[in-house]
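Comments concern the structure below.
The values are calculated or read from the model by the stated rules, or taken from the named source; none is laboratory data. Note that the structure is a prediction, hence the values are computed from the model and not measured. Quick reminder, even Gly has a Cβ in these numbers, built from the backbone with ideal geometry, and neighbours come from all protein chains shown.
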Amino acid sequence: MAFRYEIRLGGSGGQGLILMGIILAEAVGLYEGRYVAQTQSYGPEARGGSSKSEVVISDEEIDYPKAEHPDLLLAMNQKSCDDFFADVVPGGLVVVDSTFLSHLPPVSAFGIPFTRIAREKLNKEVAANIVALGALTQITPLVSPQAMRMALLNRIPAGTEKLNLAALKAGIEAARRAMEEGPSQAIPTEVPGKGLLGYH
C-alpha cells in the first residue's frame, strides 16, 4: 500500500496559512524528493474569515489532492480546531496555537503559543506562521530542518531572512520542549480578557 500522509493547516484569513502550505509543500517536494499536492480554501471574508491549506505527501503520484482524514492538524485559532479535529485519523497529531485557544478538543494535542512567541521573542506577531512551520519541522519526521530552511529562504521577501530564520528556529525549539513534556488532553491557555482557562 502506498504511503500517504495528509496535513491540514487551519486558521483565519491573514494568518499566513496559504504561505505556510506552499513552503511546507516545496520543502517536501523540492528538497525531500517526495510527491506532494497543496490546496487551499478561504472563507467568505478574506481577512478574519476561515482559511485552510492542505498538503498531501506520498511516495507515488497523488490521485486525490485534498486531505479528507488528516494525519496532522495544525490549528491557529479556536474555530479551526473545533471545525477540523474530528476529521483527524485515530492516533493522529493535533497541534494548536495556544495563544488563542480557550479549550482543546478531547484528543491528545500539543499546545504551543506560536503567536505569543512571535510577539514576545521576535517583536513581529506576523511571524507566527513561520514559528508554526518550525514546530511542524520538529514534530513530523517528513521534512528536515535543512529542507524547510531552503524552502523558506526561497519564498520570503529579501531583507526578511534574519527574522524568518529566527522564527523557524524558535518554533523548532518550542516544539522540542512540547514533545519532551508530551501531548496534553487539556492545556491551560491564557485568553485575553478571560484569564486562565482549560478544557471545558
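Could you look through the stretch 112-154, keep only residues that are part of a helix (DSSP H, G or I) and small (Gly, Ala, Ser), and pick out the one that is nearest to Ser12 (Cα to Cα)? Lay out the reasoning, then the answer.
Within the stretch 112-154, the subset part of a helix (DSSP H, G or I) is 114-121, 125-139, 145-154.
The next check asks that each one be small (Gly, Ala, Ser); those that pass are 118, 127-128, 132, 134-135, 147, 151.
Details: Ala118: 17, Ala127: 15, Ala128: 13, Ala132: 14, Gly134: 19, Ala135: 19, Ala147: 26, Ala151: 23 Å.
Residue satisfying both the conditions and the ranking: Ala128.
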Exercise. Collect the residues in the stretch 65-110 that are among the β-branched types (Val, Ile, Thr) and over 18 Å from Gly14 (Cα atoms), keeping them in residue-number order.
Key: Val88, Val89, Val94, Val95, Val107
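Yes/no matrix, rows are residues, columns are (1) part of a loop (DSSP other than H, G, I, E, B); (2) closer than 21 Å to Arg177 by Cα:
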residue	(1), (2)
Lys52	no, no
Tyr64	yes, no
Leu74	no, yes
His103	yes, yes
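Which residue, of Leu9, Leu17, Leu24, is surrounded by 24 or more Cβ atoms within 10 Å (Cβ to Cβ), aliphatic (A, V, I, L, M), under 22 Å from Gly92 (Cβ atoms) and at pLDDT below 95? I'd like the intermediate steps shown before the answer.
Values: Leu9 fails: at pLDDT below 95; Leu24 fails: at pLDDT below 95.
Within the list Leu9, Leu17, Leu24, the selection yields Leu17.
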Quiz prompt | Options Leu93, Leu30; residue that is surrounded by fewer than 17 Cβ atoms within 10 Å (Cβ to Cβ), closer than 22 Å to Ile172 by Cα and in contact (Cβ under 8 Å) with a residue 12 or more places away in the chain | solution = Leu30
Practice problem: Considering every residue within the stretch 143-162, establish whether at least one is free of Cβ contacts under 8 Å to residues at least 60 places away in the same chain, more than 16 Å from Gly16 (Cα to Cα), surrounded by fewer than 21 Cβ atoms within 10 Å (Cβ to Cβ) and in contact with a Pro (Cβ under 9 Å, 6 or more places away or on another chain). | Solution: no
Quiz item: Pick from Ala128, Ala75, Ala67, Ala147: which is under 11 Å from the mean Cα position of the chain (by Cα) and either closer than 24 Å to Tyr31 by Cβ or of a type in the set (Val, Ile, Thr) (or both)?
Solution: Ala128
